[in-house]
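Chemist: Encoded as structure tokens, here's the structure I'll be asking about.
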Amino acid sequence: MRTINYIATIIATLACTGLQGAGADTLKSFPSLEKREMQKTGMQWENTTNAAGMKFGEVDKGSFTTLGVYTGAGDYHRVQEGSETRGLLFETERYDKLSDKIFVKGTFLFNMDKEYDKGWSDVYNSYNNNPFIYGSSVRGTYETQRFDLGLRAYTRYKSKINYGLAIDYKVADIARQRDPRSRSYHLDYSLIPSVVFEISSKHTAGINLSYRFGKEKMPGLTTIQTDPNLQYYTFTGLEHVEGRIGGYKGFARQFLSDYYGGALQYNFRGEQSKLLVSAGFEARWEETLGNLRQSPGSYNEFTYSLLADYLLEKNNLLHNIRAEATIKDGGADEFRQELISIRDTLTGVTTETWETIYVYKNRFVVKTSDFRISWSTTAMDPGKKSYRWAAGAEAGYEEFSNNYYLPHSEYASGKLLAGINGKVRLLNSSKGVLILSASAGASLNTSAKLNMATESIIGTEILSPDLEYHKKNTFRINGEMRYTFPLRMIKSTPILGYASLYGGNLFAAGGAGWYSAGISIGILTL
């Protein structure tokens with residue numbers, strides 16, 4: 001917490017002193033956030049996992065740092081989600097070069113989040129498709145602290161072949177503030193080497209391989225007050241669950257995940273237009289382990305992804321059309337185990353371990369699909385340092401299907417998505433730039449069904465209410481007011497100030513809804 005207070009003090013001090021001394025400076029000598037946004041739109045390869053391709057884009061050297069607070073609340077949420085969130089978010093992003101041939105992009109994120117009135121899940125992500133989660137029906141507050149670090153490095157050699165490397169490292173600490181009190185530790189890191197080959201001056205091919213490791217560990221649960229009727233639940237898929245009174249005592253579990261993948265890319269670069277196509281694949285193998293290697297089962301998943309990004313720059317208009325598709329096909333094997341005890345007659349020591357005696361292959365099967373297409377047009381100023389307005393639209397379809405076999409249960413839903421968005425510059429003076437952004441969208445449920453083979457508390461308390469959540473059609477509206485202004489020159493370095501106020505509402509059929517709001521401040525430096 002001291003670190004966040006220190007960061008906030010620095011930014012606030014810069015803002016106050018900058019406002020006092022910025023009168024003589026104009027925006028002409030300061031970096032432009034609008035220019036940075038347009039440059040990032042042109043950095044097509046950033047949307048892929050191939051860092052080597054970033055050599056074909058250009059973002060001015062500099063750092064963009066923000067610190068903000070946010071809140072959200074409402075009654076339109078799934079059962080295993082909280083009814084209110086509050087948090088603090090610190091982010092920084094920098095483009096730079098290590099030498100004339102090696103360039104880098106670095107990112108850092110710190111998020112301190114509180115989720116209120118959450119129940120039925122003590123894991124970091126309740127919806128990552130692995131059915132072997134766990135939790136209590138007693139709703140409580142969860143505090144999460146998250147740190148994400150990222151690095152993209154790429155070469156700009158005067159040759160047909162260039163190289164890149166992407167490294168991501170993420171950790172999180174999740175603590176429940178009510179009995180039974182859980183505390184989980186989350187680790188996720190990835191390593192992605194890549195290469196691009198210039199077939200000609202206009203055509204380029206790329207390839208990357210990836211390895212990712214994930215671990216989430218909950219060493220145990222504690223209680224302050226003893227409740228003789230408190231149950232703890234372990235899930236195995238859809239309505240199937242085991243609930244035991246006092247089941248939290250001595251309970252511990254961890255997930256160990258390995259991801260292997262790769263992607264191929266093709267890039268065309270003309271005088272006015274650019275096209276990038278990327279196709280990727282990733283395989284996930286995840287173990288679920290408890291004490292003495294006790295395991296309810298394992299989960300595996302295959303992810304297929306496709307991206308097409310088209311840019312056209314003409315008459316000071318920047319057009320961008322993007323299409324994305326992600327399909328996941330996963331399955332969980334359920335284990336039947338027995339505890340084996342072996343006593344050493346010489347030492348008297350007894351060794352215990354769980355051994356798997358039977359495996360139900362693919363007893364729980366998950367399929368998800370997500371298709372998106374978007375268009376945007378930006379009206380650039382001459383010189384391409386800012387823009388006057390921007391407009392866009394998007395559409396999509398997403399669905400999921402969960403099946404549990406013997407006996408067979410099914411849970412599935414699908415929805416259509418559509419939205420529009422726009423920006424307009426309200427003020428452009430030597431004192432600052434004021435931009436108003438707005439968006440609106442809707443979702444239409446196309447199908448929702450739940451067929452359970454057996455009755456259980458999970459079906460009554462989670463699946464049936466969540467089915468109603470998916471059935472509802474929704475409408476959302478969001479807005480943001482953003483102001484950037486020259487702070488001052490510090491050691492010949494110009495610093496641009498940034499302030500943003502945003503909010504939104506989501507309305508669901510039947511009167512349910514969710515609102516969100518936030519405020520952030522920051523600086524952009526060279």
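Chemist: What do you get for Rg/Rh of region 408-460 when both radii come from the Cα atoms and Rh is the Kirkwood radius?
Modeler: That ratio is 1.45, to two decimals.
Chemist: Also, I was wondering about something else. Calculate what fraction, in whole %, of the accessible area of the chain sits on carbon and sulfur atoms when a 1.4 Å probe is rolled over the protein chains.
Modeler: It is 57 percent, rounded to a whole number.
Chemist: As a test of reading the structure, rank Arg36, Arg293, Arg269, Arg181 by solvent-accessible area (1.4 Å probe, protein chains only), most first.
Modeler: Putting Arg36, Arg293, Arg269, Arg181 in descending order of accessible area: Arg293, Arg181, Arg269, Arg36.
Chemist: Grab the eigenvalues of the alpha-carbon gyration tensor for region 207-246, scale each by 5, take roots, and send me the semi-axes largest first in whole angstrom.
Modeler: 35, 17, 5
Chemist: Using only Cα atoms, locate the centre of region 467-526 and the centre of region 94-166, then give the distance between them in Å, rounded to an integer.
Modeler: Each part reduced to its Cα centre gives a spacing of 20 Å.
Chemist: Taking every Cα atom in region 254-391, find the radius of gyration and the maximum pairwise distance Dmax, and write them in Å.
Modeler: Final numbers for Rg and Dmax: 26.1, 88 Å.
Chemist: Measuring with a 1.4 Å probe in the full set of protein chains, what accessible area per residue, in whole Å², belongs to the chain?
Modeler: Ligands and nucleic acids excluded, the result is 49 Å² per residue.
Chemist: For a 26 Å ceiling on Cα separation, which of these pairs sit above it: Lys61/Lys328; Lys40/Lys170; Lys249/Lys361; Lys118/Lys217; Lys40/Lys367?
Modeler: From Lys61/Lys328; Lys40/Lys170; Lys249/Lys361; Lys118/Lys217; Lys40/Lys367, over 26 Å: Lys61/Lys328; Lys249/Lys361; Lys40/Lys367.
Chemist: Hey, got a sec? Which trypsin sites (Lys or Arg not before Pro) in region 96-176 land in a DSSP loop and have at most 13 other Cβ atoms within 10 Å?
Modeler: Answer by residue number: Lys101, Lys158, Lys160.
Chemist: Report the charge-dipole magnitude of region 156-265 in Debye, nearest 20, computed about the Cα centre from +1 at each Lys and Arg Cβ and -1 at each Asp and Glu Cβ.
Modeler: 380
Chemist: So what's the net charge close to Pro131: Lys and Arg +1, Asp and Glu -1, counting the other residues with Cβ under 10 Å from its Cβ?
Modeler: Local charge sum for Pro131: 0.
Chemist: Taking the Cα centre of region 238-320 as the origin and placing charges on Cβ (Lys, Arg +1; Asp, Glu -1), which of Ala252, Leu312, Val277 is farthest toward the positive end of the dipole?
Modeler: With unit charges placed on the Cβ atoms, the residue in question is Ala252.
Chemist: Another question, if that's okay. Within region 95-148, list the chymotrypsin sites (Phe, Trp or Tyr not before Pro) lying in a DSSP loop whose Cβ has at most 14 other Cβ atoms in a 10 Å radius.
Modeler: Tyr127
Chemist: Can you tell me the Rg and Dmax of the chain, counting just the alpha carbons, in angstroms?
Modeler: That works out to 25.8, 88 Å for Rg and Dmax.
Chemist: Let me ask another. Give the whole-number value, in cubic angstrom per residue, of the convex hull volume spanned by the C-alpha atoms of region 236-285.
Modeler: Once divided by residue count, the hull of region 236-285 is 160 Å³.
Chemist: What full-extension length gain, to one decimal in nm, is calculated for Ser200 and Lys314 as 0.36 nm per residue of separation minus the Cα-Cα distance?
Modeler: My answer for the length gained is 38.7 nm.
Chemist: Counting Lys +1, Arg +1, Asp -1, Glu -1, what net charge surrounds Asp148 among other residues with beta carbon under 11 Å of its beta carbon?
Modeler: It works out to a net charge of -1.
Chemist: Report the local net charge at Arg336: Lys and Arg +1, Asp and Glu -1, summed over other residues whose C-beta lies under 14 Å from its C-beta.
Modeler: -3
Chemist: State the answer as a single residue: which of Thr48, Thr92, Val365 lies farthest towards the positive end of the charge dipole of the chain, with beta carbon charges of +1 for Lys and Arg and -1 for Asp and Glu, about the Cα centre.
Modeler: Thr92
Chemist: Quick check: with the 1.4 Å probe, what order do Glu143, Glu455 take by accessible area, largest first?
Modeler: Glu455, Glu143
Chemist: Rounded to the nearest Å, what's the spacing between the alpha carbon centres of region 228-288 and region 327-392? Just the number, please.
Modeler: One Cα centre to the other: 1 Å.
Chemist: Roughly how big is the chain's charge dipole about its Cα centre, with Cβ charges of +1 (Lys, Arg) and -1 (Asp, Glu), in debye to the nearest 20?
Modeler: 2100
Chemist: Please report Rg over Rh for region 136-197, where both radii come from the alpha carbon positions and Rh follows the Kirkwood definition.
Modeler: Computed over Cα atoms, the ratio is 1.34.
The values are calculated or read from the model by the stated rules, or taken from the named source; none is laboratory data. If you're wondering where the values come from, they're calculated on a predicted model, not measured in any experiment. With ideal geometry, Cβ positions are generated from the backbone for all residues, glycine too; neighbour counts draw on all protein chains shown. Quick note on the areas: whole protein, heavy atoms, side chains included, nothing else; ligands and nucleic acids left out. Shrake-Rupley method; radii C 1.70, N 1.55, O 1.52, S 1.80 Å.
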